[in-house]
Every structure is written in structure tokens, then in C-alpha cells.
1. Being within 19 Å of the chain's Cα centre (by Cα), surrounded by fewer than 23 Cβ atoms within 10 Å (Cβ to Cβ) and not assigned by TED's automatic domain parsing to the domain that holds V58 narrows it down to one of P239, P218, so name that one.
2. Taking into account only those residues within segment 325-343 that are part of a loop (DSSP other than H, G, I, E, B), of a type in the set (A, V, I, L, M, F, W, C) and surrounded by 12 or more Cβ atoms within 10 Å (Cβ to Cβ), which is modelled with the lowest pLDDT?
3. Select from segment 243-263 the residues that are exposed (fewer than 13 other Cβ atoms within 10 Å of the Cβ), out of contact with any helix residue (DSSP H, G or I) (no Cβ under 7 Å at 6 or more places or on another chain) and not basic (K, R) and list them in ascending order.
4. Evaluate the following for K196: is it surrounded by 15 or more Cβ atoms within 10 Å (Cβ to Cβ) and in contact with a Ser or Thr (Cβ under 6 Å, 6 or more places away or on another chain)?
5. Tell me, yes or no, whether segment 306-324 has at least one residue that is touching a residue at least 24 places away in the same chain (Cβ under 8 Å) and part of a loop (DSSP other than H, G, I, E, B).
6. When the residues of segment 140-169 are filtered to those that are closer than 22 Å to E95 by Cβ and outside any helix (DSSP H, G or I), which remaining residue is farthest from the chain's Cα centre (by Cα)?
7. Starting from segment 75-88, keep only residues that are more than 9 Å from F37 (Cβ to Cβ), then list their pairs with residues that are polar (S, T, N, Q) and assigned to a strand (DSSP E or B) whose Cβ atoms are within a distance under 9 Å, requiring at least 6 positions of separation or different chains.
8. Mind checking which pairs have a first residue in segment 124-142 that is aliphatic (A, V, I, L, M) and buried (at least 20 other Cβ atoms within 10 Å of the Cβ) and a second that is modelled with pLDDT under 90 and assigned to a loop (DSSP other than H, G, I, E, B), Cβ under 9 Å, 6 or more apart or different chains?
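The values are calculated or read from the model by the stated rules, or taken from the named source; none is laboratory data. On a predicted model such as this, the values are computed, not experimentally measured, just so you know. Glycine gets a Cβ as well: all are built from the backbone with ideal geometry, and neighbour counts include every protein chain shown.
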Amino acid sequence: MLKEILGTPKVLGQVFGDGFKTSKELEKKLGEVKRIFLVGSGTSYHAGLLGQIFFEDVAGVESRALVASEWNLDSPRFKKGDLAVFISQSGETAEILLAFKLARESKVLSLAVSNNKNSTLAKKTDFFIDITAGTERSIPATKSFSAEVAVFLKLAFVLARDRKVISSRIFEGLAKESLALPRVVAKVLSESGKVKRVALKYKGFDNFIVTGSALTLPLAHELALKLKESAIVEAEAMPLGEVRHGPLALAGKKLAFIFLVEANDRARAKSLAMILKKTGSPVLAFDSERFRANDVIVLPKVANIFTPLVLAPAFQIFAYWLATLRGYNVDRPKNLTKSVRAG
């Protein structure tokens, strides 16, 4: 797991290093798209949630992320101009393949985003994007998550440019900044020793609440999943503002909070941290600025839209060290497999 997290800068360099080039045929089809549905399971679903935000907020295209295992119970009613994006690291996940089969019956335009160009999904969809994350042997997905998120951000930028939602000048500026991300993420990962010392303080906690806002809310769900599957703790993700609507009753010395701070919601995060301090619950914050939490993992400042790509590797390192310090095999969590093939 650690080796794969450390491979994230290379992966981001591969995704963004081509100057935002995309298949001309795919780009033409994307120009006709009016709605986007993103389908995934687990980590890939969380990448889809970020994709939804990118496509709507950056490109102005109505989008919706869906859990693959719910598709057969609540599948969308497709119409002309729709695009269904199927996200799967392996390209062989049973629920994803079933969702694709049902979608194909509606003759909707399909795109696979996967790390396996030889997979069933890659071969059968109308279009395929290889996230080029390389081999990922550890069951908890790390660099492949970052690759999926980067692909969606790249597509959102291209859509926004082609639809003239953003100017060519802004597009070129974003493209240039994306080229610096591998270096920025490498700097984050170089602080692994500091993160380990922070993780040591939380080694004894079995219960966590992870909060986020806007761009960081899907990341809160992803960190909660990483904590569950690697460190074997109870972890629940929720919007920052929802903590005071019930969950605050759980606060105390046995419950730790993790804040994935969104720049536009920092004031509210600081206020809640002060409230939690009085209850005895420790607060660990990931942010580009320091504030009065028990612990803060300080991240480099980047344009807000790039925050997920800097934040994800940082919290993956935290999850790795927490699991390792608790004595668990992070690469082979109990009861889990890399790809859910049936059931």
C-alpha cells in the first residue's frame, strides 16, 4: 500500500502530462452530452462523486453519481444526450458489469474509466479511458483513486473549454498548474514521518467521524472507507455541518474527529473544533492553514479545484500508518478481495 501511494506523483504526471489531450472522437461526442451518470462501487464511487462535482461546477453539465450495486433497483431513465460512465479499477467488478449490461439495453452512450485495458468493461463500452495507474496489488485502492479523480478533472476542464464555460487563457493556466501537481504531491508524501507521529496519537481509537464540505465531502467518505478496510476501525463520514445535528451527542474521549477542511468552510470548521474540544473528542485536521485543532497535517496551497489530488495521498498515508501501528496487514484486509466478481 505504501509503495503504491508513493507512486501517485508519477501517475498524476502521466494523466496531466499530455497537455490535456483527449481522443478527438470522444471529445466530439462529449460536446453533444447533456447529462452524465457516473457509476462505481466503493472507492470508484467516491471518485464518481468528485466527477459529479467537477462536471457540474467546472463544465456546467448536469451530472449524477450512482452506486453500481443499486443500479438494478434504481437505474436512471436515459434519454438522448446522456452519457453513462462506468468506473472500475479492474474493469471486472460484478455490479459494474451488470449495470453496464442494463444500460446497454437503453442504447445510452457509454464510457469506461479503468486501470485494465484488457477488461470486459474496456472492450464492450463505446469509449475507454485507461487511467494508467500501473499495477496496484494492495486491496485498498490508493493511486488508482487519484488517477480516476485526475481523469475526471481533466475531462471537466476539456468540456468547460469546448463549451466556452472558461476562456482559453484560464484553461491554459489550469493545465499549467496541473503539471506542478506531481511535485506538490511528492512534497506531501515526503512528510510521511510526521504523519506517522500523528497517527501514533490516534492508534488507540476505535471510532472516528470524518467530516468534509463540498469538494472534500467525497474525500471524507473515501477516508472513512480506508480507515475501515485497513485500520479496522468504525469510521463514519458526514458533512461538517451535520455534526451538530445529532452526532455531537457521541462526542467524548473515545471518539476522534477528522476534519478534511474545505477552504471556503474553514471558519465553520474552526468553530466546531472549539466545541469538540470542550467534549474531550480530539480533532485531527487536514488543511493548508493551521488552526486550533489537537493536530493539523498542513498541506501545500493549491487552487481549490486541485485540493482532492493533494489531500487524498495525505490521508492515505495517515490510514496506512494507523493500520500499521495497530498491527494490521494493510495490503490484505480480512474478508476482502481486490475485485468483487460475484454476489
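1. Details: P218 fails: surrounded by fewer than 23 Cβ atoms within 10 Å (Cβ to Cβ).
Answer to the selection: P239.
2. Taking segment 325-343 first, the residues part of a loop (DSSP other than H, G, I, E, B) are 326-343.
Now narrow it down to the ones that are of a type in the set (A, V, I, L, M, F, W, C): 330, 336, 340, 342.
Remaining after also requiring surrounded by 12 or more Cβ atoms within 10 Å (Cβ to Cβ): 330, 336, 340.
Values: V330: 90, L336: 77, V340: 61.
Result: V340.
3. Those that are exposed (fewer than 13 other Cβ atoms within 10 Å of the Cβ), out of contact with any helix residue (DSSP H, G or I) (no Cβ under 7 Å at 6 or more places or on another chain) and not basic (K, R): H245, G246, A249.
4. No: the conditions fail for K196.
5. Looking for residues that are touching a residue at least 24 places away in the same chain (Cβ under 8 Å) and part of a loop (DSSP other than H, G, I, E, B), one finds none in segment 306-324, hence no.
6. Applying the first criterion (closer than 22 Å to E95 by Cβ) to segment 140-169 yields 140-142, 144-145, 147-149, 151-152.
From the residues that got through so far, the ones that are outside any helix (DSSP H, G or I) too are 140-142.
Values: P140: 13, A141: 10, T142: 9 Å.
Going through the qualifying residues, I end up with P140.
7. F86/S110; F86/S114; I87/S114; S88/S114
8. Every condition considered, the pairs that remain are I129/T22; I129/S23; A141/K338.
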